[in-house]
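This report concerns only the one structure given below.
The values are calculated or read from the model by the stated rules, or taken from the named source; none is laboratory data. Fair warning: this is a prediction, and the values are worked out from it, not measured in the lab. Heads up, the Cβs are rebuilt from the backbone with ideal geometry, glycines too, and the neighbour counts pull from every protein chain shown. These accessible areas exclude ligands, DNA and RNA; they are computed on the full protein's heavy atoms, side chains included. Shrake-Rupley method; radii C 1.70, N 1.55, O 1.52, S 1.80 Å.
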There are 2 protein chains.
Amino acid sequence: MVRKYIHTFCIVMIALTYVINGFKLEDKQSTSNKSKMSLQRLTALRALMASQPTALAAYIVPTADAHNSEYIAPVDARREWLSGFTGSAGIAIVTSAKALVWTDGRYYTQFQNEVDLSVWTLMKQSLPDTPSMDKWLTSNLVSGSVVGVDPHTMTREEWTPLQTALTKAKMQLLAVDKNLIDVARFQLNDPPPERPSKDIMHLPIEYTGKTAGQKIKELRDKMAEKNVSALVITALDEVAYTLNLRGSDINYNPVFFSYLVITPSSVVLFWRDGKIPRDIREILSEEGVDLEGRPYDEITRALKELARELSENGDGEHSIWLSSEASEAIHRAASGEGDLKKPLNLISEMSPVALAKLVKNPVELEGFRQCHIRDGIAVVRFFKWLHDQIDGGTTVTEVQAADKLLEFRTEEKYFMGPSFETIPGAGENGAIIHYSPSRDGPQREIRASDMFLLDSGGQYMDGTTDITRTRHMGAPTLAQKDAFTRVLKGQIGVGSALFPKGVKGNVLDTLARKSLWDSGLDYAHGTGHGVGHFLNVHEGPAGVSWRPYPHDPGLAPGQILSNEPGYYKVGEYGIRHEDLVEIISVTNSSDHPRASKLLGDFDGRGVLGFSTLTLVPNQRKCLKLDLLDDVEIEYINAYHSRVFKVLGEILKSRGLEGDYKWLENECEPVTRS
Amino acid sequence: MVRKYIHTFCIVMIALTYVINGFKLEDKQSTSNKSKMSLQRLTALRALMASQPTALAAYIVPTADAHNSEYIAPVDARREWLSGFTGSAGIAIVTSAKALVWTDGRYYTQFQNEVDLSVWTLMKQSLPDTPSMDKWLTSNLVSGSVVGVDPHTMTREEWTPLQTALTKAKMQLLAVDKNLIDVARFQLNDPPPERPSKDIMHLPIEYTGKTAGQKIKELRDKMAEKNVSALVITALDEVAYTLNLRGSDINYNPVFFSYLVITPSSVVLFWRDGKIPRDIREILSEEGVDLEGRPYDEITRALKELARELSENGDGEHSIWLSSEASEAIHRAASGEGDLKKPLNLISEMSPVALAKLVKNPVELEGFRQCHIRDGIAVVRFFKWLHDQIDGGTTVTEVQAADKLLEFRTEEKYFMGPSFETIPGAGENGAIIHYSPSRDGPQREIRASDMFLLDSGGQYMDGTTDITRTRHMGAPTLAQKDAFTRVLKGQIGVGSALFPKGVKGNVLDTLARKSLWDSGLDYAHGTGHGVGHFLNVHEGPAGVSWRPYPHDPGLAPGQILSNEPGYYKVGEYGIRHEDLVEIISVTNSSDHPRASKLLGDFDGRGVLGFSTLTLVPNQRKCLKLDLLDDVEIEYINAYHSRVFKVLGEILKSRGLEGDYKWLENECEPVTRS
């Protein structure tokens, strides 16, 4: 699945690539009702801004929760409630006279359809003439103005440059602890929904490969090296990873709302009301962790207490370690700012948990390989089924296709649900990168004349998948074959590359674009993102893009990336080929197409390459063979032969003869002559 | 010529790639003498540190002048005087107990040979375990320490993060206005040499393509847009460019020590004693500029006066615009810091002159094309001569080769001197990226068994050249042919690439490494740097590297870059192929190998490609033809045919029949069969 980056407040924020499922405005009002409601909400917010102890000249409403999550829960969809705009990316700024939303090109049309344009202004982020938010604030507010924001909804990395810009302009960025949108919702008798807090499950050692006790021991070793007294873990997937627990509080992401605070002598989970089920406590105790519970809502109070305690403890200087992507509110609480005379020292940098889970252990890697086999079976069976329907003249809509694919995945062992909302783009819809068909209203059928782009993935107990295949339902045009082949050349360019250990993922991006660029074609998204292990399908801090990933520690064996170049002909069709790949060390004896020809090992740095996890053939009839060189043809044939060998055997053993035959045909070698 | 980047103070500083000519320690003392002198100098410095109004716990001595020049004059070689280390890159830090130099891998051996290791410590910058300077300071000094540095020798971009790091550690970075090294030199009766201030020349419009008046008008338009009251130009090449003047105060760089201050009504040059020769004033007056002169040494006083004047002027808020690469001292003077109650607002960002001169105008571009023809003649004649000598058994040393090359260049019209010190690397010396043979002591001969790497360039009135060719003097080995061909494939990969207008140069870097990476080989330098027009051979702010060029505004037609991948087998040989290339717009009708096959224009962004300026053949007998694909063979043959057509005609017209024949043979097409 594609991930995009957008610049806000001069720093890079994660943007979602599609609208979050089950998370639209609940009531469909008439336009005038909508307009009235929108104004009513704004008026309530403005009254609150004016009545603050220090009146606010502007209030910022990001699309964010307190954990810097990529996907948010309805309770945190404050910008959506305020503006009516349901896009997954966008930041609102409200002043006494203006109400604006900054968002990017994927959402301009949607914004104009959803939002009352008599009160809201769209700020088109992608246009060079659109001022950034800090520029807009500093040039539209008068000197001395105070700009408010809920410090839970902004990371310190975002907060600091914005604060610097405002200070330079003699303005102030004020942390408003009580979220004004939440207050307004109560005032208007439209309180926010409950924060989800579903049950959590333990993921056994045969899937995680490492006990929670071992993980915490390793973190404590790092804490000792840095001489810190506590580590505060704020990202939901990092808490889940550390404790070998999974939840379902956010769609598609198996995480649960929580914080984790580790000291040399304690491990405290801030979750629900603080009562951790006995079975979870027992099993974690077996894994070497005595987990204490405290209520989720007490995190800032607890951090302030901790800061005070450490500061009063006379045995030397104490520090607390947290991620620079933790919220400004958490940073303030952990340092005791505003509370202690001398704030505690914070080490605010890349989280050690993010770096630990980036490199998968052998058990996680084996899980990734295994779940990709099962996922391949499901996707192959689906495409066979789809072609049968279309060829047989049966109508299949995009939504029906997505549902059928889910059926096939559900048949597979360890399947826990989709890893994101399926993108089933038929024809022109394939060119919409964040496409999500509505279940209401008229449905788009998949026609025999369509190029069909299908981007989907599954969460399995042993890993996470994310695959895009593009297939023509009938006869592709020459231009479609040309583009399909160039995109595949790009994917092979990355997939077959060797590179020195430790380079950043960015250096691979151009390899994916090279063949398209040769024709003046390109795609407006990155080439690859990290993937969590039965965790978030988009996982930092590494990635492959022309834009920098500032926290990328460098590529290393055991990391998982997507490899997904594309091409989009707006109004006609989209093409994307996406595999997940595992980074491997390559020596002369490795199982890698270039292994035998290695002459050096980058002066001792070590040679890395990729092993492809995804196992679904690419459609042979869309290939323009004269664009492919010998190495590429060999690569395609070797891949297809591997797909058939691995999946064919399983299909046969399950007695799925039709699927077996179809796959056999799809995997036949291609030749130029 | 190769350019490298090194990280210091968490920001990127320019590092030199070779030792600057004519700029070694003048006296060669015996080891014990050297040791005594080194200690004496350190002792003098330490006494000065202790006797400052606020005693200094540490003093930093960068390799830098007040203009952030890449190459410095002897008067500014303070770190060299203090430490005895003559390398072109390195920063010294002295405390009461320690004396350290941070430098990179190119200089470790040199450092150990030159420096008294009983008092100095080498900090190996390239090793992951070496702490950065700010880390070292904050962990080795006690809280409350004051660290001093001459604010003229540090840019604000370097100053700010260092100051932040020290402040966090409760230390202070103090601007010590009087340079303590200079004071120590006077105390020890070893005063620094005079600052060069040679005569300046005017470069006529037929070379520059734009009058100084027009350039200043354009800058004033930009100043008006930004609403600034003055623009301060501090980089020497920017002053030279703006005024269409050239000097020779720094080796190889045709610049002169000066500052330029532009206001809406005045243009003031701070140079020598302020007396500008009448002919220069007159000719600039014809170009529409009334140039006022003030003494070079008065710049800070003048900026303080200006700040005061603007601040006292009641007609509104005034700002001064300067480059973020201007020194901390200039920043302080321009804001009136420490002088005015309310410091003036500074706009400290990318210099508009740097952005203007980055994109060459049509006259400059034509000059680049023309001087590359003449430079090609000189280099071709040199290589023919060299092969004749070696084949005929005549001894030629590396230094003799460099001298002979200079002779050939000197015969060419408009030649003004080398653009950097020639790198004539025979055999194992070719693997030393910043190699410069000593003129003293035993000389390395170029032998028939040698691979010979020659990196050189010329300053011409109409442009600047920078070319590397690698030729085997006898019979290359298979491994040499393999590496030679892979490096050439990399150069062709960049040279033949198409890419969207506005991408940063970095995205091209991997194309140059791809073929080497496929074998586990690489090179430890960037792929390309900008080049000035009869100005510095290394010109920012764009470049091609895996490391970021943070100020790169994006590639655009009219920019000049080098394209120079390499491969270095330490102790055996080096290979580098370097062309200068011009960025051109490419449409279906362009003169570009991929033009006819263009299918799109990147959705309106525009397609860019390169046109190669350098005209010297690559040695055919070093090619391993089965590594080349059809496109690459076509590219090589088309290039050689162009070289022969353009240069052959000139050689013939000059009656240089032998050179003509040699070139004709060198440019014959290659075929695989």
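Conditions first: (1) within 11 Å of another protein chain (Cβ to nearest Cβ); (2) buried (at least 20 other Cβ atoms within 10 Å of the Cβ). B:G502 passes all but one, so which condition is the exception?
The number of the failed condition is (2).
Quick check, is A:I433 buried (at least 22 other Cβ atoms within 10 Å of the Cβ) and modelled with pLDDT under 95?
Details: buried (at least 22 other Cβ atoms within 10 Å of the Cβ): yes; modelled with pLDDT under 95: yes.
Yes; evaluated as a whole, the condition is true for this residue.
Is it the case that segment B:469-477 has a residue that's within 14 Å of chain A (Cβ to nearest Cβ), open to solvent by 10 Å² or more (accessible area, probe 1.4 Å) and either over 30 Å from B:K413 (Cα atoms) or assigned to a helix (DSSP H, G or I) (or both)?
The answer is yes; a qualifying residue exists.
Answer yes or no as to whether A:Y414 is crowded, with 24+ Cβ neighbours inside 10 Å and either away from every other protein chain (no Cβ under 14 Å) or of a type in the set (A, V, I, L, M, F, W, C) (or both).
No; evaluated as a whole, the condition is false for this residue.
Looking at segment B:597-616, which of the residues that are more than 11 Å from chain A (Cβ to nearest Cβ) and either among the polar types (S, T, N, Q) or in contact with a Lys or Arg (Cβ under 8 Å, 6 or more places away or on another chain) (or both) is surrounded by the most Cβ atoms within 10 Å (Cβ to Cβ)?
If we take residues in segment B:597-616 being more than 11 Å from chain A (Cβ to nearest Cβ) and either among the polar types (S, T, N, Q) or in contact with a Lys or Arg (Cβ under 8 Å, 6 or more places away or on another chain) (or both), then B:L613 is surrounded by the most Cβ atoms within 10 Å (Cβ to Cβ).
For segment A:173-215, which residues satisfy the criterion of being open to solvent by 70 Å² or more (accessible area, probe 1.4 Å) and over 23 Å from the mean Cα position of the chain (by Cα)?
A:D177, A:K178, A:F186, A:Q187, A:N189, A:E194, A:I205, A:E206, A:Q214
With respect to B:L406, is the statement that it is open to solvent by 30 Å² or more (accessible area, probe 1.4 Å), closer than 30 Å to B:E309 by Cα, of a type in the set (A, V, I, L, M, F, W, C) and in contact with a strand residue (DSSP E or B) (Cβ under 7 Å, 6 or more places away or on another chain) true?
no
Of all the helices (runs of 4 or more DSSP H) wholly in segment A:276-387, which have at least 3 residues that are open to solvent by 40 Å² or more (accessible area, probe 1.4 Å)?
A:278-286, A:299-312
Test each condition in (1) away from every other protein chain (no Cβ under 12 Å); (2) β-branched (V, I, T); (3) touching a Leu at 6+ places or on another chain (Cβ under 7 Å); (4) under 22 Å from A:E632 (Cα atoms) for A:I560 and report the one that comes out false.
Going through the list (1) away from every other protein chain (no Cβ under 12 Å); (2) β-branched (V, I, T); (3) touching a Leu at 6+ places or on another chain (Cβ under 7 Å); (4) under 22 Å from A:E632 (Cα atoms), A:I560 breaks only (4).
For segment A:622-673, how many residues are touching a strand residue (DSSP E or B) at 6+ places or on another chain (Cβ under 9 Å) and among the acidic types (D, E)? Step through it out loud before you land on a result.
If we filter segment A:622-673 for residues that are touching a strand residue (DSSP E or B) at 6+ places or on another chain (Cβ under 9 Å), which is where we start, we get A:622, A:639, A:642.
Those still in the list that are among the acidic types (D, E) too: none.
Counting residues in segment A:622-673 that are touching a strand residue (DSSP E or B) at 6+ places or on another chain (Cβ under 9 Å) and among the acidic types (D, E) gives 0.
Only one of these is modelled with pLDDT of 95 or more and more than 24 Å from B:G367 (Cα to Cα): B:L243, B:L291, B:L236. Name it. Don't jump to the end; show me each part of the working.
Numbers: B:L243 fails: more than 24 Å from B:G367 (Cα to Cα); B:L236 fails: more than 24 Å from B:G367 (Cα to Cα).
Exactly one of B:L243, B:L291, B:L236 is modelled with pLDDT of 95 or more and more than 24 Å from B:G367 (Cα to Cα), namely B:L291.
Hey, can you tell me all the residues within segment B:420-458 that are part of a loop (DSSP other than H, G, I, E, B), farther than 14 Å from B:G574 by Cβ and in contact (Cβ under 8 Å) with a residue 40 or more places away in the chain? Give the steps one after another, and end with the answer.
Going residue by residue through segment B:420-458, those that are part of a loop (DSSP other than H, G, I, E, B) are B:420-422, B:432-444, B:446-450, B:457.
Then keep just the ones that are farther than 14 Å from B:G574 by Cβ; that gives B:420-422, B:438-443, B:447-449, B:457.
Listed by number, the residues that qualify are B:F420, B:E421, B:R439, B:Q443, B:R447, B:A448, B:G457.
Can you name the number of the only condition in (1) within 17 Å of A:A235 (Cβ to Cβ); (2) within 19 Å of the chain's Cα centre (by Cα); (3) not aromatic (F, W, Y) that A:A334 fails?
(2)
Return a yes/no flag: does segment A:532-546 have any residue that is open to solvent by less than 20 Å² (accessible area, probe 1.4 Å), under 19 Å from A:A240 (Cβ atoms), among the acidic types (D, E) and more than 14 Å from chain B (Cβ to nearest Cβ).
Looking through segment A:532-546, at least one residue is open to solvent by less than 20 Å² (accessible area, probe 1.4 Å), under 19 Å from A:A240 (Cβ atoms), among the acidic types (D, E) and more than 14 Å from chain B (Cβ to nearest Cβ).
Give A:G274, A:G293, A:G288 a once-over and let me know the one that is farther than 18 Å from A:F256 by Cα and small (G, A, S). Full working, then the answer.
Values: A:G274 fails: farther than 18 Å from A:F256 by Cα; A:G293 fails: farther than 18 Å from A:F256 by Cα.
The match here is A:G288.
Answer with yes or no whether B:G554 is at positive phi and either within 8 Å of chain A (Cβ to nearest Cβ) or of a type in the set (V, I, T) (or both).
no
Of the residues that sit in segment A:508-528 and are more than 8 Å from every other protein chain (Cβ to nearest Cβ), without any contact (Cβ under 8 Å) to a residue 60 or more places away in the chain and in a loop (DSSP other than H, G, I, E, B), which one is surrounded by the most Cβ atoms within 10 Å (Cβ to Cβ)?
In this case the residue turns out to be A:T527.
Being more than 9 Å from every other protein chain (Cβ to nearest Cβ) and open to solvent by 10 Å² or more (accessible area, probe 1.4 Å) narrows it down to one residue among B:I575, B:I584; which is it?
Matching residue, one of B:I575, B:I584: B:I584.
Any residue at all in segment B:565-572 that is surrounded by fewer than 17 Cβ atoms within 10 Å (Cβ to Cβ) and either closer than 24 Å to B:R374 by Cβ or within 12 Å of chain A (Cβ to nearest Cβ) (or both)?
yes
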